[in-house]
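Report on the structure given below.
The numbers here are math on the coordinates, done by the rules we state, and not lab data. The model shown is predicted, which means the values in this text are computed figures rather than measured ones. Quick reminder, even Gly has a Cβ in these numbers, built from the backbone with ideal geometry, and neighbours come from all protein chains shown.
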Amino acid sequence: MEKWDAYDIHLNKLDFDLIRGEKIKDDVFHLVSEVVIINSDDNYLAMRRDFDKSYPGLYEVSVGGSVLRGENPIQAAKRETFEETGINISDLKQVGLNISEQYNTIFVIFIANVDIDKESIVLQKGETIDYRWVPSSEINKFLNSDMHVPGKGKRINKVINV
């Protein structure tokens, strides 16, 4: 049972927990950390979603997930990045905050600049099935393509400086 801290729209922590899968009341939110990974050669990491997940087989130019109870967004960003890619990140820069009232979610968006062997990505069973590196010259087109999770591309496009 995954538990999250509850927040109001102003990022104030509330005095109760949320449980994944249970309905969240209006004006209550949970946090999600998203990390855009850019390698030293100016290529963006895109992870392909497992076919058993929502948006099966589509790519995302970010990794991440829900901030667990007791975590902060940076801790969640580091944990999720390692789980989904095998990359240990230390340098994170928060570049955006996006509130989705429809999904009771506040997305905290980070950029991680890394210098890694591009073949060292580790896929997470049940989460990811492939990856690719997208050159910065093609990133806007990729984010808006039918290969990318719809909606998420717009959120990411707003925070990257290309």
| Using Cα atoms only, what is the angle between the long axis of helix 73-85 and the major principal axis of the chain, expressed in degrees (0 to 90) to the nearest 10? | 50 degrees
| query | Which entry in (i) 2, 9, 18, 21, 22, 15, 8, 4, 1, 0; (ii) 2, 9, 14, 16, 13, 10, 9, 8, 7, 5, 4, 3, 1, 0; (iii) 1, 7, 15, 18, 19, 16, 11, 7, 3, 1, 0 is this structure's computed P(r) over Cα pairs in 5 Å bins from 0, in percent? | reply | (i)
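Which order results if Asp41, Asp146 are arranged by neighbouring Cβ count within 10 Å, fewest first? Don't jump to the answer; show the numbers that get you there.
Numbers: Asp41 10, Asp146 6.
So the residues, fewest neighbours to most, are Asp146, Asp41.
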| task | Write out the trypsin sites (Lys or Arg not before Pro) in segment 116-162 meeting two conditions: DSSP loop, and at most 14 other Cβ atoms within 10 Å of their Cβ. | result | Lys118, Lys125, Lys158
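By counting other Cβ atoms within 10 Å of each Cβ, how are Phe142, Phe110, Phe82 ranked from fewest to most?
Ascending Cβ contact count within 10 Å gives the list Phe82, Phe142, Phe110.
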| query | DSSP loop trypsin sites (Lys or Arg not before Pro) in segment 1-46 with at most 15 other Cβ atoms within 10 Å of their Cβ, which ones? | reply | Arg20, Lys23, Lys25
| For Ile139, Ile19, Ile37, order by how many other beta-carbon atoms lie within 10 Å, fewest first | Ile19, Ile139, Ile37
| field | Within the chain: Cβ-based charge dipole about Cα centre, in debye rounded to nearest 20 (Lys, Arg +1; Asp, Glu -1) | value | 240 debye
| task | Give the relative contact order (percent, whole number) for the chain; include only Cα pairs under 8 Å separated by 6+ residues. | result | 26 percent
